1. Expressed as a whole number of Å, what is the distance separating the alpha-carbon centroids of the stretch 1-44 and the stretch 64-120?
2. Suppose every K and R has +1 on its Cβ and every D and E has -1 on its Cβ; what is the size of the dipole of the chain about the Cα centre, in Debye to the nearest 20?
3. Where does each of 87, 61 land when they are ranked from fewest to most other beta-carbon atoms within 10 angstrom?
4. What FRET efficiency do you get for residue 113 and residue 74 if R0 is 25 Å and r is their Cβ-Cβ distance, rounded to the nearest 0.05?
5. Mind checking which of 38, 15, 74 is farthest towards the positive end of the stretch 1-77's charge dipole, using Cβ charges of +1 (Lys, Arg) and -1 (Asp, Glu) about the Cα centre?
6. How big is the shadow of the Cα convex hull of the chain, averaged over all directions, in nm²?
7. How many percent of DSSP beta bridges within the chain run antiparallel, rounded to 5?
8. Can you sort 47, 32, 107 by how many other beta carbons sit within 10 Å, fewest first?
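None of the figures in this text is laboratory data; all of them are computed from the coordinates on show. As the structure is a prediction and not an experimental result, all values here were calculated from the model. Ideal geometry is used to build each Cβ from the backbone, glycine not excepted, and the neighbour counts take in all protein chains shown.
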Amino acid sequence: MTEAAVEVFTDGACIGNPGPGGWAALLRYRGRERWVSGHEGATTNNRMELMAAIAALETLKRPTDVHITTDSTYVMQGAQTWMAAWKARNWRTAARAPVLNQDLWMRLDLQLARHRVRWSWCRGHTGHPENELADERARTEALIAAGELARLPGAAA
């Protein structure tokens with residue numbers, strides 16, 4: 001990785017699991033920041049965690065060095081460890097069951113082939129500034145999905 005890597009901080013949230021969910025990613029490059037976020041009406045927390053990482057990587061226009069910080073061991077371990085075995089077994093688990101969230105894992109796999117990604121894990125809800133911001137935004141998106149907010153505060157009408 002170079003010093004000029006894009007820093008990404010991700011989080012996903014659900015109101016109930018499954019339930020309305022939201023995801024958010026903060027991208028930082030050379031002091032500039034950009035948010036990407038979204039929501040779904042019926043989903044799971046794991047899908048929202050995956051979507052945050054996928055959307056951040058899909059936002060990048062060209063192959064890039066990326067450092068992703070996540071509080072999701074599911075996403076990080078899946079990307080670093082489990083995905084290679086799943087692919088070798090045609091997207092099946094060791095028990096021969098289809099991989100859950102295969103559609104999103106395949107999207108993430110495409111992006112991991114495109115970018116040079118380094119992963120870091122942080123414990124959620126422990127004061128990590130960017131993780132707390134991503135969590136707040138993901139929870140806001142989940143509230144939008146639940147119909148409890150009309151739109152993201154500060155977003156154009």
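1. That distance is 16 Å.
2. Rounded to the nearest 20 debye, it is 640 debye.
3. Numbers: 87 14, 61 6.
The most exposed by this proxy come first: 61, 87.
4. Here the calculated transfer efficiency is 0.80.
5. Checked the options; the winner is 38.
6. Working: hull surface 39.3 nm².
Averaging across all directions leaves 9.8 nm² for the Cα convex hull.
7. Given both bridge residues lie in the chain, the antiparallel proportion sits at roughly 65 percent.
8. Result, fewest neighbours first: 32, 107, 47.
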